[in-house]
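Taking it in order: structure first as structure tokens, then the write-up.
The values are calculated or read from the model by the stated rules, or taken from the named source; none is laboratory data. Since the model is a prediction, treat every value here as computed from it, not as a measurement. For neighbour counting, all protein chains shown are included, and Cβ atoms are generated from backbone atoms with ideal geometry for every residue, glycine included.
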Amino acid sequence: MIAERGFATAAAILLAVAGAIGPAAAQGWPTRPVTMVVPFPPGGGTDVLGRIIGRRLSEILGQQVIIENVGGAGGMIGSNRVARAAPDGYEFVLGSRADAINQTLYRHPLYNLKEDLTPVVLVADQPMAMIARHDLPVDGLQNFIAYVRKNQATLRTGSAGIGSTGYVDCALFNQAIGVKVQDIPYRGGGPALQDLYAGQFDYFMTLSPTAVPPIQSGQVKGIAVFRRERLPSLPNLPTSIEQGMDFEASTWFAFFFPKGTPDAIVKKLHDATVAAVETPALQEQLVTTGTFVVPKEHRATAYLQSIIGPEIEKNGAPLRAAGMSIE
């Protein structure tokens, strides 16, 4: 009985000490480098955004933010890694609309976006753009659509991977214009872009940061940007609306921690991120890539939390209607 009582006392002391250390550790966070998981390979729009913000976050937090690319399954591999990580604040993911898509597109997603990840802050938005190999004999969206309809049996698209936003949006675009074109899924926008340069496929629906540099350099042909206003970095590329097609597509990006991360750490990353995106030099960098910082009223953690469920449903509805599903 005495031994049992002594064990219970010791256990109570340990729990009390752990409870005291937890908040203290959260208040002192970060005391070492932090890892930002980017769930796509280097070179694509997600990676570009992560590296731009990561540099400024390192300065604000006083610790290095290490970018680790963990690609695969339309971003699901990287996000799942963070969902299974220790909730100590030293690993977070640059999640995106792809996470909402994966909840419906995959019959058995590796994680539950609403349950397994802790929302931190909505960061930015990137419109989609359609680009084609530089020698595709088209000029403008309507001419492109006519060409694809006529040659769909021999054309091929590329994507940043099955489940990526570009993969889904291109499939919905093809459905909207009434064509079926074979897709070549890559492990990210960067690798896909290299093969587009080489003429290994014909067209590519991709995030604006992936599209802007090769359009500016003439390595690819810009067809349209899928938003209502033109990109400041591509003022000569007309929008889909301007070219007679009511089709818009864009991707939001946000930071997520593993479930159970202390509120104090969530708040610290939130506040540091808001400070980063309000830096004028960083905003200028983002604009040149075709990225838009989210408005101030959308930067609260509660706002990001509130849109997760609706985003899953919003992105799931057209996937179900199109019969798109992956095991």
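Summary table below
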| item | result |
| --- | --- |
| Options S58, S79: the member that is at pLDDT 95 or above, among the polar types (S, T, N, Q) and within 26 Å of G166 (Cα to Cα) | S79 |
| Filtered residues of the range 185-199 (kept if hydrophobic (A, V, I, L, M, F, W, C), out of contact with any helix residue (DSSP H, G or I) (no Cβ under 7 Å at 6 or more places or on another chain) and in contact (Cβ under 8 Å) with a residue 12 or more places away in the chain) | A192, L196 |
| In the range 285-327, the residues that are within 18 Å of G166 (Cα to Cα) and not in a helix (DSSP H, G or I) | G290, T291, F292, G323, M324, S325, I326 |
| Helices (runs of 4 or more DSSP H) enclosed by the range 95-188 - at least 3 residues per element that are within 14 Å of the chain's Cα centre (by Cα), buried (at least 23 other Cβ atoms within 10 Å of the Cβ) and assigned by TED's automatic domain parsing to the domain that holds V266 | 97-105 |
| Breaking point among (1) assigned by TED's automatic domain parsing to the domain that holds Q27; (2) surrounded by fewer than 22 Cβ atoms within 10 Å (Cβ to Cβ), for F256 | (2) |
| So L304, is it under 24 Å from T104 (Cα atoms) and either crowded, with 19+ Cβ neighbours inside 10 Å or in the same structural domain as D99 (by TED's automatic domain parsing) (or both) | yes |
| Per-region count, the range 42-74, residues in a strand (DSSP E or B) and either outside the structural domain of L94 (by TED's automatic domain parsing) or out of contact with any helix residue (DSSP H, G or I) (no Cβ under 6 Å at 6 or more places or on another chain) (or both) | 3 |
| Among residues of the range 275-298, those that are more than 16 Å from the chain's Cα centre (by Cα) and over 14 Å from G50 (Cα atoms), counted | 12 |
| Evaluation of L269 against (1) modelled with pLDDT of 95 or more; (2) not assigned by TED's automatic domain parsing to the domain that holds V34 (one fails), failing number | (2) |
